[in-house]
């Protein structure tokens, strides 16, 4: 595995491993301002399920997976949502959980192309579920 395969793990080690909760609150405030209508669709357009996941602290494995796919599937920046998810982990007070979440984000990001026929997200434009390859998912 090279450095590009571990971009979110590197982000954890470089930016989040030794930060304090107050610093993460400040980062989250700045990220929220970017995510909410600047880099991505405003939260008021998101389904309630994803808004709930977005605000949860800390976010679970399943929620991380769903929120990350929702964000990147709709054209959002993987870096921005990864930082949001990692800062949500500050409320665990355990670096190993933040590192685990970083590894999970790397796994999802590095396997999204190979799983584009299997992994799906809610598409905000079409208002339905789509696989990462863009094909509509029949529920």
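The values are calculated or read from the model by the stated rules, or taken from the named source; none is laboratory data. None of these values were measured; they are calculated from a predicted model. Counting neighbours? That spans all protein chains shown, and the Cβs are built from the backbone with ideal geometry, glycine included.
Do you know which residues across region 108-122 are part of a strand (DSSP E or B) and over 16 Å from residue 81 (Cβ atoms)? Scanning region 108-122 gives a single hit, 120. Scan region 40-92 for residues that are within 18 Å of residue 30 (Cβ to Cβ) and under 10 Å from the mean Cα position of the chain (by Cα) and the total you get is 13.
Right, residue 86: surrounded by 12 or more Cβ atoms within 10 Å (Cβ to Cβ), on the phi < 0 side of the Ramachandran plot, assigned to a helix (DSSP H, G or I) and at pLDDT below 95 or not? It is true that residue 86 is surrounded by 12 or more Cβ atoms within 10 Å (Cβ to Cβ), on the phi < 0 side of the Ramachandran plot, assigned to a helix (DSSP H, G or I) and at pLDDT below 95. Evaluation of residue 57 against the conditions (1) in contact with a helix residue (DSSP H, G or I) (Cβ under 7 Å, 6 or more places away or on another chain); (2) surrounded by 14 or more Cβ atoms within 10 Å (Cβ to Cβ); (3) modelled with pLDDT under 95 shows that the sole unmet condition is (2).
The set of residues from region 60-78 being out of contact with any strand residue (DSSP E or B) (no Cβ under 8 Å at 6 or more places or on another chain) and surrounded by 14 or more Cβ atoms within 10 Å (Cβ to Cβ) comprises 63, 64, 65, 67, 68, 78.
So which residues in region 96-124 are surrounded by fewer than 19 Cβ atoms within 10 Å (Cβ to Cβ) and at pLDDT below 95? Passing the criteria: 96, 97, 99, 100, 103.
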